[in-house]
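Working notes, structure below.
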Amino acid sequence: MGGGREGFVVEKISEESLHLVGNRSLRDYASRYIAIENSFCARAECFGVAFAKKVPGDVGIRAGDFSNAPSVHVCNDGKSAFATWRSSACDACRLGIGTETFVLTLQCPHRCFFCFNPNQADFDDRRPAARDVCRQLEMRAEQGAVFTHVALTGGEPLLFPEESVAFVHCAKELFPGVHVRLYTSGFGATDEVLHRLAYAGLDEIRFSVKTDQGMTDVEKALEVIGSAVDVIPDVLVEMPVMPDEIELMRDLLVRLDDLRVKGINLLELGFPFFNGDEFSRRGYELKPDPYCVLYDYSYAGGLPIDGSERACAELLEFTLGQNLSLGVHYCSMENKHTGQIYRQNARFAALFPLRSLSARDYFLKSAKTFGDDRVPVREVLSREGVDFDDADELDFTEFPLEAVSLLQGELPDIELAISYAVCESRNGEVILRELRLDKTTPATFDFAQDW
Ligand code: SF4
């Protein structure tokens, strides 16, 4: 993030910019976060994959990258983008409201080197039994859940075709009008199974095409996908993009378009904190500054691979240049975390009156003033009747972001920190954890523009 709009400057306090902070107490405070970030990155590299070198100015996909392609919609503050079409389920996934994904089994006949399932707490891919996902749906109905979208995933759910079909039936019966989708590698997706799923009311099927397991597998997958197009309303492909497979992906996009596939979700490739040898052998490196806000995100639990996002953007542009009918949606790893932050923060936001829930990224934010600046800031805030909190031991005063504008007349150039925080539950208590600091000044900050 950062300056983009005229006169508006909000910048992350990073290792590179720390020396530009003039206020000594703010500098000391911010340096703790830089130390935490450095130690996180050092621990991540212990899993066998190094961080790529930072490219100055590379901030990922932004609306401006597609200024010549107005048909590209950049969404979720640059964390995703799509052209032509994307599934309504992807829209619902952003905040995770009215949607849930059910795991039938973690068993899978494949061994994809990038698979995140071994990160799941109860991972045991030898476990033969399928989970009772119909009972899970019934329990959600009993609890009063209201779903617009549900999904069935694995492992490979079609290892259990009866249970997969039953899930679609149950979902449609318990939640009339719900959109049901199923994720599969294509294994077990025979014509008979596809017809039964369609008859049960399956709205969308998403195939992952395994490019890392040889071209025979790709051809087989395309054959199954071709059969699915004739019976399931929306057929999609969803797969991570390897930074070195752009040529292969271009061919695949054209072939999927020929098959009349509705869309493809290009996923940013992630490192799941294992198989480091395989990632290194392929020459992959971790994306520097992997997330706007570094945190222990629970979804997937890994870090993005450098170059995958750029490859996705190139493929998005390629489809436009070729006038393909296929909808193309880029989904970054960070896009998948938005719902988690929203769920953790939205319901507890009222407990922290000095903080506001950002409509842009859903972190709880406040302003902080440090050192000698605290006295004059407190004077203005007291005069204006604005609440604030003092943390004398850390030499800062915290106040609402909305009040920054009140300082513009008398204290336009003082350095302020914008604090990002997330709510966590610990021992039954909700606590606030601060994760990131940006630097701004009253003269260069505009609440209305960014929150
Ligand atoms: S097909 Fe999916 S579940 Fe199976 S190993 Fe590959 S990524 Fe994991």
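For residues in segment 213-244 being surrounded by fewer than 18 Cβ atoms within 10 Å (Cβ to Cβ) and of a type in the set (Asp, Glu), which is nearest to the ligand (Cβ to nearest atom)?
My answer is 217.
Tell me, please, whether a residue that is outside the structural domain of residue 95 (by TED's automatic domain parsing), among the hydrophobic types (A, V, I, L, M, F, W, C) and farther than 27 Å from residue 289 by Cβ can be found in segment 354-367.
yes
Select from segment 77-96 the residues that are open to solvent by 30 Å² or more (accessible area, probe 1.4 Å) and either free of Cβ contacts under 8 Å to residues at least 60 places away in the same chain or within 16 Å of the ligand (Cβ to nearest atom) (or both) and list them in ascending order.
Within segment 77-96, 91 is the sole residue that qualifies.
Could you give me the residue pairs with C-beta distances under 6 Å whose first residue belongs to segment 104-117 and is within 17 Å of residue 161 (Cβ to Cβ) and among the hydroxyl-bearing types (Ser, Thr, Tyr), whose second residue is open to solvent by less than 40 Å² (accessible area, probe 1.4 Å) and within 9 Å of the ligand (Cβ to nearest atom) wherever it lies, and which are 6+ apart or on separate chains?
105/154; 105/155
Kindly provide the set of residues from segment 10-26 that are assigned to a loop (DSSP other than H, G, I, E, B) and more than 21 Å from residue 435 (Cβ to Cβ), ordered by number.
Across segment 10-26, the qualifying residue is only 22.
So for segment 52-61 (the condition being modelled with pLDDT of 90 or more and either of a type in the set (D, E, K, R) or more than 16 Å from the ligand (Cβ to nearest atom) (or both)), does at least one residue qualify?
yes
Check 421, 448, 443, 403 and return the single one that is assigned to a strand (DSSP E or B) and among the hydrophobic types (A, V, I, L, M, F, W, C).
421
Restricting to segment 111-156, what's the tally of residues that are within 9 Å of the ligand (Cβ to nearest atom), at pLDDT 90 or above and open to solvent by 50 Å² or more (accessible area, probe 1.4 Å)?
Of the residues in segment 111-156, 0 are within 9 Å of the ligand (Cβ to nearest atom), at pLDDT 90 or above and open to solvent by 50 Å² or more (accessible area, probe 1.4 Å).
Are any residues in segment 164-187 in a loop (DSSP other than H, G, I, E, B) and either more than 16 Å from the ligand (Cβ to nearest atom) or open to solvent by 30 Å² or more (accessible area, probe 1.4 Å) (or both), and if so, which ones?
175, 176, 177, 178, 187
Please go through segment 375-390 and give me each residue that is over 30 Å from residue 347 (Cβ atoms) and open to solvent by 20 Å² or more (accessible area, probe 1.4 Å), ordered by number.
Passing the criteria: 375, 376, 378, 379, 382, 383.
The values are calculated or read from the model by the stated rules, or taken from the named source; none is laboratory data. Owing to the predicted nature of the structure, the values given are computational and were not obtained by experimental measurement. Virtual Cβ from ideal backbone geometry, glycine too; neighbours counted across all protein chains shown. Heads up: the accessible areas ignore ligands, DNA and RNA and are worked out on the full protein's heavy atoms, side chains in. Shrake-Rupley method; radii C 1.70, N 1.55, O 1.52, S 1.80 Å.
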